[in-house]
Amino acid sequence: MKPMKNLTLIVYLILAVTSLKAQLRLPAIYDDHMVIQQQSSAPIWGWARSTQEITIKVSWDTTTIKAKTDNTAFWSSSLQTPIAGGPHTITIKAGEEERILQDVMSGEVWICSGQSNMEWSMAASADGRELLTQIDDRNIRLFNVGKSAAPSLQVRGEGDWQICDKESVRDFSAVGYFFGKKLLQDLNVPIGLINVSWGGTPAEVWLPEERIKANSDLAKSSEKQIDNKPWCPSKPGVVFNAMINPLIPFRIAGALWYQGESNTAAPSTYKLLMENLILEWRKQFLVEFPFYYVQIAPFSGYGEIEIGTLIREQQVKMLEIPKTGMVVISDLVEDVKDIHPKYKKPVGERLANLALAKTYGKNEIVSESPIYRSMRVEKKGKIRISFDHVPSELIAKGVEPNEFLIAGEDQKFYSAKARIEKNTVTVWAKEVKHPIAVRFGWKNGSIPNLFSKEGLPVSCFRTDEWPTGK
């Protein structure tokens, strides 16, 4: 019996030592090959034994940072990060335990989030898979958050940072990669991309459930979105809990968003919903970061009611939220029967142009599509439409502008003629002698041909607020 007791004691001691050495833990987002947001106060946090002293040393500074765990074993502090560059190391000690993060770069970090068109991988995109064998971008680092949902907040998260090459980028967001590639080319700093997306998800799953419940309109709309699809969750908050919360409050430069196709069951509250999401994310990440998004593409499969167009209209209204920007992609669709446009490079690059112009001060870049501003009824049954974001003039890629509708007091819309006059458009139809309203690109699958001279498509719009379906 004595040898057995000794063996039991040895096993116990081994387990005890192993347990002690396993106490120092970091969230998944803090790992080798990571990118930290340059020249910022970047939160860092983790877990160790309760009431334990934590010391942090970084290779770019001589300062020793100290923290202490509380009775939940949690600790937190912040790093004053250097100007873009690297590689660096971050050393964290807790008692006899030590964790050294290697190959840490300082640069610009962006979250890429949304549903399937953001999730769409390089291998799946028409202009991504043909480039895979050529990709070797060591100054782009990729972090894929694994899909998961939970009824309560999760903390450590899943995923790891990878250097961008033909293997690691294969299953990464194509929109995200092409965004990051253009930033790297124009800014010449390391780029960190965090892909946290899930095809089919309505926006309600991406913010805390209590935020939905606190607003009666959002609560009613969310009930229409719960459809128990077999490939994704739809209950409010569950994806935020498992995929966003473990990243909080990692310091980021901004967020990209490509989503809305799964919110067509209740389009009228989409702007309100997204405003809540943006404000909540900014609150949780402790910074009022820019939020740039893609207006959903034309798709005829929504049916006869213009629910897809109504989402696009709500996305235009989202521009009222501070520090937001929208790219229009109605010209990037080959097949309006396919909800997934095949080409993602121009989408990512238009998002990058928004960031370069609005976040990084490259004002020479024209990054915003023309947006409806106002209308004026003129003589001879014509209406003149004025736009914002027209640096020079408008052009039609065709004989004349298409996809215009016009109506009088009877609210009956007719196909309209349109003529460009520099940065305005005059609209009329012989059937409407006294027009009072204009709609443009109003069908779910509309692909208008009106652009700024700089090549950006004009967003759909309407001048009326009449009930839809007419």
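Some points to look at:
- Label-to-label distance, K213 versus Y360, with points set 7 angstrom from Cα along the beta-carbon direction: 4.3 nm.
- Between the alpha-carbon centres of segment 43-122 and segment 363-419 there is a gap of 51 Å.
- Kirkwood hydrodynamic radius computed over segment 24-105 comes to 12.8 Å, based on all pairs of distinct alpha carbons.
- Taking a straight line from the alpha carbon of K68, these lysines sit under 18 Å away, with near neighbours fewer than eight places off in the same chain left out: K21, K57, K93.
- Volume per residue for the chain equals 169 cubic angstrom (convex hull of Cα atoms).
- Crossing angle, helix 270-285 versus the chain [Cα axis fit, 0-90 degrees, rounded to tens]: 30 degrees
- Each 5 Å bin, from zero up to the one with the longest distance, holds this percent of the alpha carbon pairs of segment 302-364: 4, 14, 18, 22, 20, 12, 6, 2, 1.
- For q = 0.12, 0.13, 0.15 Å⁻¹, Debye-computed log10 I/I(0) when each Cα of segment 107-358 counts as one equal scatterer: -0.64, -0.76, -1.05
- Whole-Å distance, taken between Cα centres, linking segment 156-230 and segment 328-357: 17 Å
- Phi to ³J(HN,Hα) by Karplus 6.51 cos²θ - 1.76 cosθ + 1.60 over segment 323-328, Hz, x for Gly, Pro: 6, 10, x, 10, 10, 9
- For I140, the residues 5 or more places off, or on other chains, whose built amide H falls under 5 Å of its own are C164, I191.
- W442, W257 arranged by Cβ crowding within 10 Å, fewest neighbours leading: W442, W257
- All-pairs alpha carbon distance profile, segment 154-208, 10 Å steps from 0, percent: 18, 44, 30, 8
- Counted by neighbouring Cβ atoms within 10 Å, the residues E393, E313 run from fewest to most as E393, E313.
- Residue-wise HN-Hα couplings along segment 189-198, as the Karplus relation 6.51 cos²θ - 1.76 cosθ + 1.60 with θ = phi - 60° gives them from phi, are 10, x, 10, x, 10, 10, 8, 10, 9, 7 Hz; Gly and Pro carry x.
- Distance between modelled label sites at A123 and W466, nm, 7 Å Cα→Cβ extension: 5.0 nm
- Residues of segment 32-48 with amide N under 14 Å of the 7 Å Cα→Cβ point at T63: 39-44
- Reference-scaled alpha-carbon Rg (2.2 N^0.38 Å with N residues) for segment 371-462: 1.00
- Taking 0.890 mPa s as the viscosity and 25 °C as the temperature, the Stokes-Einstein diffusion coefficient of segment 141-242 based on its alpha-carbon Kirkwood radius rounds to 160 µm²/s.
Readers should treat all values here as calculations from the given coordinates under stated rules, not as data from a laboratory. The structure presented is a predicted model; accordingly, all values stated were derived computationally and were not measured. When we count neighbours, we look across all protein chains shown, and the Cβ atoms used for this are built from the backbone with ideal geometry, even at glycine.
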